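The values are calculated or read from the model by the stated rules, or taken from the named source; none is laboratory data. What you see is a predicted model, and the numbers here were worked out from it, not measured in a lab. A quick note on method: Cβ atoms are made from the backbone with ideal geometry, for glycine too, and the neighbour counts reach across all protein chains shown. Calculation scope for accessible area: heavy atoms of the full protein, side chains included, ligands and nucleic acids excluded. Shrake-Rupley method; radii C 1.70, N 1.55, O 1.52, S 1.80 Å.
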Amino acid sequence: MATDTLAVQLSGIEKRFPGVIANHDVNLNVRAGTIHAIVGENGAGKSTLMKTLYGMHQPEAGTITVFGAPHVFKSPSDAIAAGIGMVHQHFMLADNLTVLENIVLGSEPAARGVVQYDEARRRLEAIMDQSGTHVDLDAPVSELGVGQRQRVEILKVLFRGAKVLILDEPTAVLVPQEVDELFSNLHRLVTDGATIIFISHKLDEVLTVSDDITVIRAGTTVAEVKPDAVTRSKLAELMVGSELPSPHGRTSEVGTTIRLSIDGLTLAGPGEKHVLDEVSFEIREGEVLGIAGVEGNGQFELCEAIIGLAKPMSGHITIDGTDVTHASPHERLIGGLSYIPFDRHREGLLLSAPLWENTLLGRDADEQFQKGPFIDAAAAKADSRSIIERFDVRTPSETVPAYALSGGNQQKLLVGRELSSHPRVLIAAHPTRGVDIGAQAAIWEKLRAARDAGLAVLLISADLEELIGLSDRILVMFDGRINARLTPAEATPELLGTYMTGGVQEVAS
Amino acid sequence: MSDESTVQRITNPKALKAPNAVLVTVASSLAAVLIALAIAGVLLAVTGYNPFEAYSKMLDAGLEKDKLLEALSRATPLMIAAVAVAIGFKMNLFNIGVEGQFLMGMFFAAIVGAYVDLPPVLHVTLLLVVAMTAGAAWAGIAAVLKVKKGVNEVIATIMLNAIALSVIDWLFQSKFRYEGESLDVKTKPLPESAWMPDMFDGRLTSFIFISLFVVLVFWLVVYKSKFGFRLRASGANAVAARTAGISSNRMIVTAMLMSGAVAGLAGLPYLLGESHAYGPSRPDGYGFNGIAVALLGRNHPAGIVVSAILWGFLDAVQGPLQIAKIPQSIVLVIKAIILLTVVIVNEVVGRRVAKRTADRTAAQLALPTAVAA
């Protein structure tokens, strides 16, 4: 029942976080009664935008209009009151309650303080009949599969009277049959007058299911297209940007010594499927190997396995000629491995500790910081000041807590720490994610300098400019496997887009 | 922003101090105590007592030499218990089991001490080791359960407290009851070689020096050593610590064993300095008061010493209050309110300070020229 009435209209939305502009000049027009897809790479700003629409944070600029009326959402409850519902990617259900209890939780129909379950059941059954989304209301949620849990989430949103449903990467957790079911449910919901905003980076799905597609790149909306007027490769190009840098000329040579060798690495997943499947590659002295791929295709597990936090089922990891498959993380770090982790707050920093303790983390066994049985705090502070200076960390002193720094400066500090332990192998996972352009350029320069000095780098990135600009070779990971091996020169956005979303290289090199 | 200004700013940290952490900590703990006294004062007034009279009585009595000595004497085991708790806190572990661990330490020291014959210093040293071993072993159960089975240490140590009591009672009643000449039911008394000497006519045990030494070692190990750094790093962010090669399981076990070993000592001031045997009139509550003292002292060595003395002071003035016909239970009320206010004040102040630090840092960086000049 697509009409020309706009269910949701966002215009000129800008959202900033300390040191990062997550969204700017975002314009989105969602027609009532349509499935509207929002596509973009990880980190392009899709989730930030949806959080804005759902009232989870407030934009710095721009307006939100729902069915013609302007709104300011101070919290999700304001958004819910305006008829907007969100189905989160990570389900928010109480396992020990039944489906019915979960659905009414937070909006219980009550009379004199007593929850009217019968009334809730009647309303829900009506909703289920109308939407074609069925779940056993009395089953405990703990017994439901992923697909059913998602239906519970959708029902929860419908029960609260949502007319606009936001689905954040709804298919990420589903098997193909469940995806088909979901899509037919969505179509039925739309026929009944609902409007659906569907966030995804899986292009095939987007092209199948949606009526309109808005592409977000680098925090802003870059195009609105109709699925029948665009090809898959055109969409991929829109998503990753058509202007890629030419591979950076480099003056130094890749050495001959193999610094890191991964051979047939396989890692068991939570289910039957392996999260890493027979991954093999080698990185030489002074070489940067880039890994492209949509996040969640095994990159994180690969890093965990290399640093020793995840135990592989089979395969071998060799650092600088030594088999470290069974070595502890500490032994590997001592052996010349460094790691710039995916999430600096979670894995990299002690946010409440002063900067000098942060630069000491992981390097405290170093001879220069020992003073008898104690840590030489003066030496650690001097070392920290030197990192701050060399990596241009903008901070008043080395004694301020890490949380006081902007994201870009925290990242520069982290990169400085990891490079200061004189590693021979560096894993750099999204080394410039969420940092401003200045910090990005500074970090790239440091990585290039370290590479020229002989460092072997495994670079994992969602930023194709970074990948192509830094890497000597690029591997594409999909579904736990390496499904393409490219040189930066032959990597086009279209080609990368194809491989990143599951296409397989015809001739494996 | 030029490199030069960055360097300038780093080499000139004086002008750019974030809020002074020590000052803020002391001020907020003091504020918590004052707020608690005010609330307790209102309670006193409402129930028909003059709060000013009550507090001046407390102060008068408390400033007498006898009462000051009693305060120190009561603080002696509390410092140790608080250090035990603080070791756990620094690793983000909540050791509620100090109570059971100290009883274990005290009981086994009483048994072993009574049946060996050693020269004075060696005898005491042996008993310190025995008490630490017993406490560590008892805490170790919780550590193993946590590491191997993922059992929350709070639950495990609470359970172990109850079990410790039963085990000790059973051992005492069935195996180690000493039928001496006195009517007291106790274990076999310790020979004099195991006694810690008294000071001030028996008003204070010399064990207080061991307590202070424990606090000193705590400071050196947790705040100054490499191990302490790893412990604090694991406590601050376990994932980051693990990523940096620090095995969190090993840290959990070590921290728990250390905490238990220290806890094992808390019963010894009483055993070696006063009773010289274990009996049903044993002290209790050290574990829980230790948690309070560690919280009030913000897990800092100096804070712990001061807080333990304050706690000892409050205990010591209960008697004089009763004589003045003011219900002595007001002391318990004050302690409880202090605990609540300290937690609340810490939280509020912590957030404020974090925000101000962040704002100031940002502001300083926004004005590079002013700062560099």
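Within the range A:361-376, restricting attention to residues that are in a loop (DSSP other than H, G, I, E, B) and within 9 Å of chain B (Cβ to nearest Cβ), the residue that is farthest from B:ALA238 (Cα to Cα) is A:PRO373. Note on the range B:271-371: enclosed helices (runs of 4 or more DSSP H) holding 2 or more residues that are under 15 Å from the mean Cα position of the chain (by Cα) are B:286-296, B:301-316, B:329-366. If B:VAL151 meets every condition in (1) within 28 Å of the chain's Cα centre (by Cα); (2) open to solvent by 80 Å² or more (accessible area, probe 1.4 Å); (3) free of Cβ contacts under 8 Å to residues at least 12 places away in the same chain apart from one, which number is that one? Unmet condition: (2).
Just checking, which of B:MET132, B:MET104 is out of contact with any Leu (no Cβ under 7 Å at 6 or more places or on another chain) and of a type in the set (A, V, I, L, M, F, W, C)? It would help to see each step written out before you state the result.
Details: B:MET132 fails: out of contact with any Leu (no Cβ under 7 Å at 6 or more places or on another chain).
Every option except B:MET104 fails the conditions.
Scanning the range B:296-315 for residues that are open to solvent by 30 Å² or more (accessible area, probe 1.4 Å), of a type in the set (D, E, K, R) and within 16 Å of B:LEU78 (Cβ to Cβ) turns up at least one hit. If you check B:VAL46, B:VAL42, B:VAL24 for being closer than 26 Å to B:LEU340 by Cβ, within 14 Å of another protein chain (Cβ to nearest Cβ) and surrounded by fewer than 18 Cβ atoms within 10 Å (Cβ to Cβ), only one passes: B:VAL24.
Let's see how each residue does on (1) out of contact with any Leu (no Cβ under 7 Å at 6 or more places or on another chain); (2) at the interface with another protein chain (Cβ under 9 Å from one of its Cβ atoms); (3) open to solvent by less than 50 Å² (accessible area, probe 1.4 Å):
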position	(1), (2), (3)
B:LEU212	yes, no, no
B:LEU216	yes, no, no
B:LYS224	yes, yes, no
B:ASN237	no, yes, yes
B:ALA241	yes, yes, yes
B:ALA244	no, yes, yes
B:MET251	no, no, yes
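Filtering the range B:253-274 to residues that are out of contact with any Pro (no Cβ under 9 Å at 6 or more places or on another chain) and open to solvent by less than 40 Å² (accessible area, probe 1.4 Å) leaves B:ALA255, B:MET256, B:SER259, B:GLY260, B:ALA261, B:VAL262, B:ALA263, B:GLY264, B:LEU271, B:LEU272. Under the condition of being surrounded by fewer than 16 Cβ atoms within 10 Å (Cβ to Cβ) and among the hydrophobic types (A, V, I, L, M, F, W, C), the residues counted in the range A:323-378 number 3.
A:SER420 fails exactly one of the following numbered conditions: (1) within 12 Å of chain B (Cβ to nearest Cβ); (2) among the polar types (S, T, N, Q); (3) surrounded by fewer than 21 Cβ atoms within 10 Å (Cβ to Cβ). What is the number of that condition? Failing condition for A:SER420: (1).
Listed here are the residues, each with its yes/no results for (1) open to solvent by 30 Å² or more (accessible area, probe 1.4 Å); (2) in a helix (DSSP H, G or I); (3) more than 13 Å from B:ALA263 (Cα to Cα).
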{"residue": "B:MET132", "(1), (2), (3)": "yes, yes, no"}
{"residue": "B:GLY140", "(1), (2), (3)": "no, yes, no"}
{"residue": "B:ALA143", "(1), (2), (3)": "no, yes, yes"}
{"residue": "B:ALA156", "(1), (2), (3)": "no, yes, yes"}
{"residue": "B:ALA162", "(1), (2), (3)": "yes, yes, yes"}
{"residue": "B:SER166", "(1), (2), (3)": "yes, yes, yes"}
{"residue": "B:ASP169", "(1), (2), (3)": "yes, yes, yes"}
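Evaluation of A:LEU355 against the conditions (1) in contact with a strand residue (DSSP E or B) (Cβ under 9 Å, 6 or more places away or on another chain); (2) more than 25 Å from B:ALA358 (Cβ to Cβ) shows that the sole unmet condition is (2).
Of the strands (runs of 3 or more DSSP E) lying entirely inside the range A:1-80, those carrying at least 1 residues that are surrounded by fewer than 17 Cβ atoms within 10 Å (Cβ to Cβ) and at pLDDT 90 or above are A:6-17, A:20-31, A:61-66, A:69-71. The number of residues in the range A:139-172 being open to solvent by 20 Å² or more (accessible area, probe 1.4 Å) and β-branched (Val, Ile, Thr) comes to 1. Selection of first residues in the range A:333-351 that are facing chain B (nearest Cβ under 7 Å) and of second residues that are of a type in the set (Asp, Glu) and open to solvent by less than 10 Å² (accessible area, probe 1.4 Å), restricted to Cβ pairs under 9 Å at least 6 apart or on distinct chains, gives the following pairs, ordered by first then second residue: A:TYR339/A:GLU347; A:PRO341/A:GLU347.
Return yes when B:LEU127 is buried (at least 19 other Cβ atoms within 10 Å of the Cβ) and over 21 Å from B:GLY285 (Cα atoms) and no when it is not. Yes.
Flag set for A:VAL294, criterion: more than 20 Å from A:GLY416 (Cβ to Cβ) and more than 8 Å from chain B (Cβ to nearest Cβ). Here A:GLU445 clears all of (1) open to solvent by less than 10 Å² (accessible area, probe 1.4 Å); (2) farther than 27 Å from B:ALA241 by Cβ; (3) within 14 Å of chain B (Cβ to nearest Cβ) except the condition numbered (1). Just one residue in the set A:LEU458, A:LEU470 is within 23 Å of A:ALA218 (Cβ to Cβ) and in contact (Cβ under 8 Å) with a residue 24 or more places away in the chain; that residue is A:LEU470.
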